[in-house]
């Protein structure tokens with residue numbers, strides 16, 4: 001009997017190990033794959049040669065420099081940033097869904113996205129398209145969550161619902177401010193930039209963008225992966241979590257903080273990309289169930305893969321780049337319905 | 001040494017008192033039935049004992065330790081809670097739910113390990129729901145769900161189990177299954193159980209089965225009566241607390257065993 005139990009446990013951890021290995025391999029494979037996608041005509045061998053000489057720089061370079069630029073300076077950083085953004089949005093969506101005990105919640109629930117949108121619009125109006133956009137977007141994203149949080153404190157007897165309400169109020173205030181910013185923006189120079197930012201894009205990604213956003217995104221992601229099991233317990237509701245011995249206020253604050261950092265870090269470099277933070281966690285639920293011990297890391301990995309693939313479509317479908325927010329909704333929505341139909345909502 | 005000691009506990013929101021000067025003691029292996037009309041503060045009292053609500057004045061001691069000095073984790077290692085209505089959200093499996101009883105023994109950034117899984121399996125086995133282990137608990141019936149909650153409380157390895165109306169939504173068979181499970185746990189594991197209930201007959205059930213049972217009727221912020229169910233649950237006391245006319249009948253099941261039963265007749269104006 002006891003041996004049986006141990007075997008069972010080992011079997012389970014073996015299955016988990018396979019999932020963990022897939023979690024790492026899939027995004028790396030997606031990044032590798034996206035090096036081969038793009039408008040600049042490069043053959044399979046060209047790309048392999050670029051990669052080989054970047055690993056082993058001693059050999060003489062017998063191809064034009066532009067190859068290097070396209071593969072290593074444009075496609076690679078873009079794919080890496082895509083992975084970080086998609087993973088960050090999806091993991092915080094999963095965390096928020098557990099925390100608010102509501103499967104319809106997404107990463108933008110506390111006003112992160114609308115705060116970031118307003119920050120970006122303001123920065124574009126004041127300073128034009130430069131690095132200030134990033135800092136304003138990030139700052140206002142944090143500000144929006146802080147505001148939601150304080151609104152949630154007004155009426156303490158049902159803090160979770162108040163927090164969600166705070167998020168709704170703050171989101172609509174910042175959406176109104178974004179509309180106002182668009183209304184007063186110079187329609188020839190600034191307005192198009194704002195509009196494009198709002199639709200989300202990874203175009204013109206440089207390594208600089210990765211260096212800026214890697215700090216908040218990795219703090220958020222690592223924090224959420226560390227606290228993942230507590231999210232299970234928190235999803236039992238405040239009273240039960242407390243009775244089970246969880247310091248529910250501290251655990252909630254840490255979860256909200258980490259999810260906010262990951263989301264804010266993502267949206268401030270990529271613009272508004274909807275759907276990822278809602279549907280990716282659900283795809284995860286349908287694949288591996290609801291236990292956040294697996295769901296949280298799986299969401300990150302699936303989000304990363306999804307974003308990379310969407311971005312590949314965005315830059316290869318038609319002559320111009322299609323904004324990411326449009327593609328995530330167009331592809332994510334129907335795909336989600338297909339999944340619901342196929343799994344009959346299992347895991348929901 | 002009393003296991004749980006409540007001393008002159010007062011609780012209220014703002015100026016409104018809900019509980020006033022409540023004092024009682026509970027021993028190991030005892031069943032304490034908290035009875036009272038709707039809104040009399042039963043759940044509030046339970047929340048105070050679990051440290052979820054803080055008393056206005058008075059003290060609660062758990063094995064001689066002041067509850068207000070203990071953190072949630074320490075309290076959860078001694079007191080487990082079986083909720084009345086469980087709002088089901090995500091379809092976790094039964095095993096995942098029971099495992100949550102181990103939260104009190106894991107740090108915030110830990111996931112439960114092999115030892116925790118072993119205790120979880122054991123708790124599932126003791127309650128007798130091994131066949132449900134991998135089922136999503138959102139698909140379970142009310143009775144099965146209640147047993148899962150009891151298994152989770154067992155996994156918590158606390159010596160006091162607090163139950164808020166554990167049989168409210170259950171049919172006859174499931175009520176009895178829950179009662180028999182409680183009885184077994186108290187007898188075999190010396191567990192103490194503090195339960196709030198509207199089913200007064202359950203107090204008789206435990207007493208008739210030879211368990212150390214106390215019944216307390218909560219009314220107007222304090223215990224109206226307190227003692228053995230036989231004495232406390234009289235037509236006079238029940239009539240006064242619930243404002244009803246009632247009859248108590250003795251039914252002899254066999255020569256050793258007689259079961260008391262309360263029949264509510266009509267309200268008193």
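The values are calculated or read from the model by the stated rules, or taken from the named source; none is laboratory data. Just so it is clear, the model here is predicted, and its values are computed rather than measured. As a convention, Cβ positions derive from the backbone with ideal geometry for all residues, glycine included, and neighbour counts pool all protein chains shown.
Among the candidates A:221, A:253, the residue that is in a helix (DSSP H, G or I) and buried (at least 16 other Cβ atoms within 10 Å of the Cβ) is uniquely A:221. For segment B:12-46, filtering for residues that are assigned to a strand (DSSP E or B) and crowded, with 22+ Cβ neighbours inside 10 Å leaves 8.
Got at least one residue in segment B:101-119 being assigned to a strand (DSSP E or B), crowded, with 20+ Cβ neighbours inside 10 Å and on the phi < 0 side of the Ramachandran plot? Checking segment B:101-119: not a single residue is assigned to a strand (DSSP E or B), crowded, with 20+ Cβ neighbours inside 10 Å and on the phi < 0 side of the Ramachandran plot.
Of all the listed residues (A:90, A:120, A:94), the sole one being within 14 Å of chain B (Cβ to nearest Cβ), in a helix (DSSP H, G or I) and surrounded by 24 or more Cβ atoms within 10 Å (Cβ to Cβ) is A:94.
For (1) in a strand (DSSP E or B); (2) under 23 Å from residue B:264 (Cβ atoms); (3) more than 15 Å from the chain's Cα centre (by Cα), each residue gets a yes or a no:
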| residue | (1), (2), (3) |
| --- | --- |
| B:178 | no, yes, no |
| B:181 | no, no, no |
| B:186 | no, no, no |
| B:194 | yes, no, no |
| B:198 | no, yes, no |
| B:202 | no, yes, no |
| B:207 | no, yes, yes |
| B:210 | no, no, yes |
| B:213 | yes, yes, no |
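Take residue B:131 and tell me if it is over 18 Å from residue A:236 (Cα atoms) and within 8 Å of chain A (Cβ to nearest Cβ). It is false that residue B:131 is over 18 Å from residue A:236 (Cα atoms) and within 8 Å of chain A (Cβ to nearest Cβ).
Can you work out which of the residues in segment B:234-269 that are touching a residue at least 24 places away in the same chain (Cβ under 8 Å) and not in a strand (DSSP E or B) is nearest to residue B:209 (Cα to Cα)? My answer is B:257.
Residue-by-condition table, conditions (1) over 30 Å from residue B:150 (Cβ atoms); (2) at pLDDT 95 or above; (3) surrounded by fewer than 19 Cβ atoms within 10 Å (Cβ to Cβ); (4) within 14 Å of chain B (Cβ to nearest Cβ):
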site: A:180; (1), (2), (3), (4): yes, yes, yes, no
site: A:192; (1), (2), (3), (4): yes, no, yes, no
site: A:201; (1), (2), (3), (4): yes, no, no, no
site: A:208; (1), (2), (3), (4): yes, no, yes, no
site: A:211; (1), (2), (3), (4): yes, no, yes, no
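Cβ-Cβ contacts under 8 Å between residues 6 or more apart (or on different chains), taken from a first residue in segment A:222-247 that is facing chain B (nearest Cβ under 7 Å) and at positive phi to a second residue that is part of a loop (DSSP other than H, G, I, E, B) and at pLDDT 95 or above, are listed as A:245/B:156. Looking only at residues in segment B:70-92 that are within 8 Å of another protein chain (Cβ to nearest Cβ) and part of a loop (DSSP other than H, G, I, E, B), the one that is farthest from residue A:250 (Cα to Cα) is B:91.
Per this entry, residue B:108 is not counted among residues that are under 27 Å from residue A:250 (Cβ atoms), in contact with a helix residue (DSSP H, G or I) (Cβ under 7 Å, 6 or more places away or on another chain), within 14 Å of chain A (Cβ to nearest Cβ) and in contact (Cβ under 8 Å) with a residue 40 or more places away in the chain.
Of note, residue B:252 satisfies the criterion of being over 29 Å from residue B:15 (Cα atoms), surrounded by fewer than 18 Cβ atoms within 10 Å (Cβ to Cβ), at pLDDT below 90 and out of contact with any helix residue (DSSP H, G or I) (no Cβ under 7 Å at 6 or more places or on another chain). Evaluate the following for residue B:170: is it buried (at least 18 other Cβ atoms within 10 Å of the Cβ), in contact with a helix residue (DSSP H, G or I) (Cβ under 9 Å, 6 or more places away or on another chain) and without any contact (Cβ under 8 Å) to a residue 40 or more places away in the chain? Yes: the conditions hold for residue B:170.
Considering segment B:155-167 alone, what residues qualify as being within 22 Å of residue B:84 (Cβ to Cβ) and within 13 Å of another protein chain (Cβ to nearest Cβ)?
Kept after step one, since they are within 22 Å of residue B:84 (Cβ to Cβ), are these residues of segment B:155-167: B:155-156, B:158-167.
Residues satisfying the conditions are B:155, B:156, B:158, B:160, B:161, B:162, B:163, B:164.
Kindly indicate whether any position in segment B:194-211 is without any contact (Cβ under 8 Å) to a residue 40 or more places away in the chain and farther than 19 Å from residue B:34 by Cα. Scanning segment B:194-211, I find no residue that is without any contact (Cβ under 8 Å) to a residue 40 or more places away in the chain and farther than 19 Å from residue B:34 by Cα, so the answer is no. For segment B:120-167, a residue qualifies if it is out of contact with any helix residue (DSSP H, G or I) (no Cβ under 6 Å at 6 or more places or on another chain), touching a residue at least 12 places away in the same chain (Cβ under 8 Å) and more than 23 Å from residue B:187 (Cβ to Cβ), and the qualifying residues are B:134, B:136, B:138, B:139, B:140, B:141, B:142, B:145.
Just one of the listed residues (B:31, B:22, B:35, B:49) is touching a helix residue (DSSP H, G or I) at 6+ places or on another chain (Cβ under 6 Å) and either within 17 Å of residue B:195 (Cβ to Cβ) or away from chain A (no Cβ under 14 Å) (or both), namely B:31.
The set of residues in segment B:136-153 being within 13 Å of chain A (Cβ to nearest Cβ) and in contact with a strand residue (DSSP E or B) (Cβ under 9 Å, 6 or more places away or on another chain) consists of B:136, B:137, B:149, B:152, B:153. Taking segment A:275-297 as the range and being more than 18 Å from residue A:225 (Cα to Cα) and surrounded by fewer than 21 Cβ atoms within 10 Å (Cβ to Cβ) as the test, the residues that pass are A:286, A:287. In segment A:43-59, the count of residues that are assigned to a helix (DSSP H, G or I), under 22 Å from the mean Cα position of the chain (by Cα) and closer than 29 Å to residue A:297 by Cβ is zero.
When B:58, B:128 are checked against the criterion of being surrounded by fewer than 23 Cβ atoms within 10 Å (Cβ to Cβ) and closer than 30 Å to residue B:21 by Cβ, B:58 stands alone in meeting it.
The condition (being assigned to a helix (DSSP H, G or I), free of Cβ contacts under 8 Å to residues at least 60 places away in the same chain and closer than 27 Å to residue A:333 by Cα) is satisfied by just one residue among A:171, A:179: A:179.
Given the structure, is residue B:60 in contact with a helix residue (DSSP H, G or I) (Cβ under 7 Å, 6 or more places away or on another chain), under 17 Å from residue B:7 (Cβ atoms), more than 9 Å from every other protein chain (Cβ to nearest Cβ) and not in a loop (DSSP other than H, G, I, E, B)? Taking the combined requirement at face value, the residue satisfies it.
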